[in-house]
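Q: So that we are looking at the same thing, I have put the structure below in structure tokens.
The values are calculated or read from the model by the stated rules, or taken from the named source; none is laboratory data. Everything numeric in this text was worked out from a predicted model, so none of it was measured. Here Cβ is always computed from backbone atoms with ideal geometry, including for glycine, and neighbour counts include all displayed protein chains. Please note that ligands, DNA and RNA were not included when accessible areas were found on the heavy atoms of the full protein model with its side chains. Shrake-Rupley method; radii C 1.70, N 1.55, O 1.52, S 1.80 Å.
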Amino acid sequence: MTTTGLLFTIVGLALIGWLSARMRAAAFRRPAIQRFGSLPVHHAWVVALWVLGPPLTFLVIWSLTSPALVTDRVLASPLAAALPASAFERASILSDARALAQGSGGVFHPAAVRLAPAYAAAQRHYDWLASAAALILALAGGVFAFVRVSPAFSARWRLENGVVLLLLAAALVAILTTAGIVGSLLYEAARFFAMVPAIDFLTGTRWSPQVIDPADPGASLGALPLFWGTFFIGAIIAMAVALPLGLMSAIYLGQYARPRTRAWAKPALEVLAGIPTVVYGYFAALSVAPRVRDLGLFLGIADASSESALAAGLVMGIMIVPFVSSTADDALRAVPAEMRDGSLALGATPSETIRHVLIPAALPGIAGGVLLAISRAIGETMIVVMAASGVATLTLDPFASTTTVTKQIVDLLTGEAEFDSAKTLAAFALGLVLFAATLLLNVVALVIVKRYREAYE
Amino acid sequence: MTDAKLSARNVSVFYGATRAIDDVSMDITRDEVVAFIGPSGCGKSTFLRTLNRMNDTVANARVEGTILLDGEDVYAPAMDVVELRARVGMVFQKPNPFAKSIYANVAYGPSIHGLARHRDDMDRIVEDALRRAGLWDEVKDRLDASGTTLSGGQQQRLCIARAIAVDPEVILMDEPCSALDPIATARIEELIHELRGRYAIVIVTHNMQQAARVSQRTAFFNLGRLVEFGATSDIFTNPVEERTKDYITGRYG
């Protein structure tokens, strides 16, 4: 039975359970019984959930474990005795065989072609088992619940529990997915660090992943220029643009603008946040970068690059203006009005009040927002992919070409890549560092913002 | 009246189309404490806030009539609201120290108005203001601590010190004790006694005993109108108006 067919069958069973439980429960509703805790529809849903829940849970778990079971069965067959001993080669043949058994085309290892029928057979065997088990679970759950339909059974509360379980499951999906991503990142990064010493990777200054010396991969995988480039573009140049623009626009819109001006100006500013980053990317690459290079040449900087850190950083700064502006606006508005009045009543002008009273009071909130904006900027990919250079240089010159972590991850993973070379795995190590940095920034920012909120509420 | 510090003539205040104050006239002299009493929403706070133009910060507020400070029209185009507020200080209902040190809270007004040339001058101004607000002995060893770490009563005295530091001529107090406990309230009332004569003080209060204790003259507001204004002893023992009597005795409001 196909997966789709199986799912339809289970849903069909649930529907049958729903209808029959409703009918059965409706029969209890005689006028004699006045108090009736659960309505027929509650009974119906409890039965439907009992039909759906167990087989679907089983199928989810099964889909995670069955590939390993199938592979074990194939390996146990006599055909597998001929497989090479190298674990890696064996895994590649097996994955080819699986692709072949599932009907995909392509060029395959000859051993895989021989193994494919066995693979398909094993797959069929387990699919059949799983379908049968799922249907049995559905029926068993349905019968179990149906038998319990009675006036005394508090289906209403059981349903409530079922809803809670459902919500919990939804939350778990998100949490487990995150955990899975982090886990795979850690796993691949650990493989990388088994090949390249962490100290070389984190502190080395030469980054040329195209040419890696197998004897000493660490020598050409020093990621320090990337970290610096990321920090330079995302945290220094972009912030030099976003902080003043964001803060000043927040002050104008939040403190000076009349409600009517604010009503259109604030959404207009927030449109900046809605522009796809790829659009910012070609704006940076096509419009800003050439002008920045010309400016550099005009200023007498001979090596001004058309893929300069300045171009990418400027555009990235514009991109995050709305983030800085809206968090700053919120922070300024969270300052109690009495504090503002207190300053005005002493004869301070509005701008003196903002400078001396509102901004100091809102500073933690503003700082938290800026940290969040930085974490967004250093994780930003599309602008730097299009506008930054691929060449890693450790430089303070904003007109020189610079690259970033995200840009390098894209470069490492596009094109022909083998998933066991230091070059490819370096992408995961870079990803891990980036993840750790943004996580740290976010945590610090949230702690600051939270403390600050508590101080005024 | 020539000795009037503040003089209101036919003042009406509107919020949009709503009339919050209706044709109020009164004089306040330089060495007295005047209490404003009346039921909630009667306009006494609104009237107080027109005296130093704090209603300017409310978008749709409009003031008619004249208010004179030493004979100068407060609402005249030539009047600089910054200077006005330096001369007419204000203390609010809720203690509102800035998120700064105790020292910086008091130094804020003098520094924006350029009252101190040197750090020494400023130290003197801050100490003087804190002493007059009766807070110096409690905070002299922790002037760098944040103003928000003080207790509610201390915070309110800090706000009074902050207002005193710019050397105003009038101090407006908008229910300054309503957020404080009885002991802190007694301390503020004591302070008002000490400040009397040096500044004209106008205090809005819901607490009639407080009005009787601290003021020389009391104004009773109701529904945006000034019902009665006279010596505090008369208002509380022998009011002219029936409505005042009803309010004082608790039958009304």
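Q: Can you sort A:Thr327, B:Thr244 by 1.4 Å-probe accessible area, starting with the largest? All intermediate terms of the calculation are to be shown ahead of the outcome.
A: Numbers: A:Thr327 40, B:Thr244 0 Å².
Ranked list, largest accessible area first: A:Thr327, B:Thr244.
Q: Which entries in the list A:Lys266/A:Lys450; B:Lys5/B:Lys100; A:Lys266/A:Lys407; B:Lys94/B:Lys140; A:Lys450/B:Lys140; B:Lys5/B:Lys140 go over 30 Å, if you measure between the two C-alpha atoms of each?
A: Table pairs above 30 Å Cα-Cα are B:Lys5/B:Lys100; A:Lys266/A:Lys407; A:Lys450/B:Lys140; B:Lys5/B:Lys140.
Q: How far is it, in nm, from the label point at A:Ala302 to the one at A:Thr395 when both lie 7 Å from their Cα along the line to the Cβ?
A: Rounded to a tenth, the inter-label distance reads 1.3 nm.
Q: Rounded, prolate or oblate: which fits the stretch B:173-253, taking a ≥ b ≥ c as square roots of the Cα gyration tensor eigenvalues, rounded meaning a/c under 1.5, else prolate when a/b beats b/c? Working shown, then result.
A: On the way: a/c = 2.00, a/b = 1.56, b/c = 1.28.
The shape class here is prolate.
Q: Here's something else I'd like to know. Give the calculated FRET efficiency between A:Arg262 and B:Asp56 to the nearest 0.05, with a Förster radius of 22 Å applied to their Cβ-Cβ distance. Kindly include the intermediate steps, with their values, before the conclusion.
A: Details: r = 19 Å, r/R0 = 0.87.
Computed FRET efficiency for A:Arg262 and B:Asp56: 0.70.
Q: Here's something else I'd like to know. Distances over 24 Å make up what percent of all Cα-Cα pairs in chain B?
A: Values: 14926 of 31878 pairs.
Here the tail beyond 24 Å accounts for 47 percent of pairs.
Q: What net charge is computed for the residues neighbouring B:Gly89, neighbours being all others with C-beta under 11 Å from the C-beta of B:Gly89, Lys and Arg scored +1, Asp and Glu -1? Show your work: numbers first, answer last.
A: Details: positive: B:Arg85, B:Arg87, B:Arg162; negative: B:Asp167, B:Glu169.
Charge balance near B:Gly89 sits at +1.
Q: What do you get for the angle between helix A:259-274 and the principal long axis of chain A? Use alpha-carbon atoms, 0 to 90 degrees, nearest ten.
A: Orientation of helix A:259-274: about 70 degrees from the principal axis.
Q: Starting from the 7 Å offset along Cα-to-Cβ, what nm value, one decimal, do you get for the label separation of A:Glu160 and A:Val279?
A: 4.9 nm
Q: Antiparallel as a % of all DSSP beta bridges within chain B, to the nearest 5? Present the calculation step by step, with values, prior to reporting the outcome.
A: Details: 25 of 43 bridges.
Beta bridges within chain B, antiparallel portion: roughly 60 percent.
Q: Now, a different point. Take the Cβ-Cβ distance between A:Met248 and A:Leu167 as r, set R0 to 56 Å, and report the resulting FRET efficiency rounded to the nearest 0.05. Please list the in-between numbers first.
A: On the way: r = 43 Å, r/R0 = 0.77.
For A:Met248 and A:Leu167, the calculated efficiency is 0.80.
Q: Then there's this: Suppose the chain between A:Leu39 and A:Ser63 were pulled fully straight at 0.36 nm per residue; how much longer would it get relative to their current alpha carbon spacing? Write down the numbers at each step before the final one.
A: Working: separation 24, 0.36 × 24 = 8.64 nm, distance 3.64 nm.
Going from the current span to full extension adds 5.0 nm.
Q: When Lys and Arg each count +1 and Asp and Glu each count -1, what net charge do the other residues less than 11 Å away from A:Asp329, Cβ to Cβ, add up to? Provide the component values of the computation, followed by the final result.
A: Numbers: positive: A:Arg262, A:Lys266, A:Arg333; negative: A:Glu270, A:Asp330.
My count for the surroundings of A:Asp329 gives +1.
Q: Once fully extended, how much extra length lies between B:Ala186 and B:Tyr15, figured as 0.36 nm per residue of separation less the alpha-carbon to alpha-carbon distance?
A: Length difference between fully extended and current span is 58.1 nm.
Q: Considering only DSSP beta bridges whose two residues both sit in the protein assembly as shown, what percent are antiparallel, to the nearest 5? Kindly include the intermediate steps, with their values, before the conclusion.
A: Values: 27 of 45 bridges.
Given both bridge residues lie in the protein assembly as shown, the antiparallel proportion sits at roughly 60 percent.
Q: Now for a separate question. Under 15 Å from the Cβ of B:Gly250, count the other residues' Cβ atoms, weight Lys and Arg +1, Asp and Glu -1, and hand me the total. List each step's numbers first, then the result.
A: Working: positive: B:Arg243, B:Lys245, B:Arg251; negative: B:Glu242, B:Asp246.
In short, +1.
Q: Equivalent-ellipsoid semi-axes (√(5λ), Cα gyration tensor) for the protein assembly as shown, whole Å, largest first?
A: On the way: eigenvalues 999, 351, 89 Å².
Sorted largest first and rounded, they come to 71, 42, 21 Å.
Q: Need the C-alpha centroid separation for the stretch A:302-337 versus the stretch B:156-170, integer Å.
A: Comparing the Cα centres of the stretch A:302-337 and the stretch B:156-170, I get a distance of 40 Å.
Q: Starting from the stretch B:200-246, pick out the trypsin sites (Lys or Arg not before Pro) whose DSSP state is loop and whose Cβ has at most 15 other Cβ atoms within 10 Å. Can you show the working numbers first?
A: Values: sites: B:Arg213, B:Arg217, B:Arg225, B:Arg243, B:Lys245; in loops: none.
Answer in residue order: no site qualifies.
Q: How far apart, in nanometres, would the label points at A:Ser421 and A:Val11 be if each is projected 7 angstrom from Cα along the Cα-to-Cβ direction?
A: Each label point lies 7 Å from its Cα, and together they span 4.5 nm.
Q: Send over the semi-axes of the stretch B:19-87's equivalent ellipsoid, whole angstrom and largest first, taken as the square roots of 5 times the C-alpha gyration tensor eigenvalues.
A: Semi-axis lengths for the stretch B:19-87 are 19, 17, 11 Å.
Q: Still on this structure: With the alpha-carbon atoms as the only input, what is the per residue convex hull volume for the stretch A:184-312 in Å³?
A: Details: hull volume 23.4 nm³, N = 129.
In the stretch A:184-312, the Cα convex hull volume per residue is 182 Å³.
Q: So, one more: By how many nm would the segment from A:Val447 to A:Ala76 grow when fully extended, if each residue of separation counts as 0.36 nm and the alpha-carbon distance is taken off? If you can, show how the numbers build up before the last one.
A: Values: separation 371, 0.36 × 371 = 133.56 nm, distance 5.41 nm.
Result for the pair: 128.1 nm of gain on full extension.
Q: I need the shape label for the stretch A:309-457. Rule: rounded when a/c is under 1.5, else prolate if a/b > b/c, else oblate, with a, b, c from the alpha carbon gyration tensor. Let's see the in-between values first.
A: Numbers: a/c = 4.14, a/b = 2.33, b/c = 1.78.
Because a/c hits 1.5 or more and a/b exceeds b/c, the stretch A:309-457 counts as prolate.
Q: So if a site counts as exposed when it's one of the chymotrypsin sites (Phe, Trp or Tyr not before Pro), its DSSP state isn't H, G, I, E or B, and it has at most 13 other Cβ atoms within 10 Å, what's the longest stretch of chain A without one? Write down the numbers at each step before the final one.
A: Numbers: sites that count: A:Phe36, A:Phe419.
In chain A, the maximal stretch lacking such sites is A:37-418.
Q: With runs of 4+ DSSP H residues as the only contributors, calculate the mean residue ellipticity of chain A at 222 nm using -39,500 (n - 2.57) per run, divided by the residue total and rounded to the nearest 500. Don't skip to the end; give the middle numbers.
A: On the way: 18 runs with 326 residues, N = 457.
Value at 222 nm, helices only: -24000 deg cm²/dmol.
Q: Using all C-alpha to C-alpha distances in the stretch B:155-208, build P(r) with 5 Å bins and read off the rounded percent in each one.
A: 5, 18, 34, 29, 12, 3
Q: Let me have the relative contact order for chain B, percent, based on Cα pairs under 8 Å that are six or more residues apart. Don't skip to the answer; put the middle values down first.
A: On the way: 493 pairs, mean separation 68.7, N = 253.
Answer for chain B is 27 percent.
Q: When the label point is put 7 Å from the Cα of A:Arg148 along its Cα-to-beta-carbon vector, which residues of the stretch A:163-188 have a backbone N closer than 20 Å?
A: A:163-169
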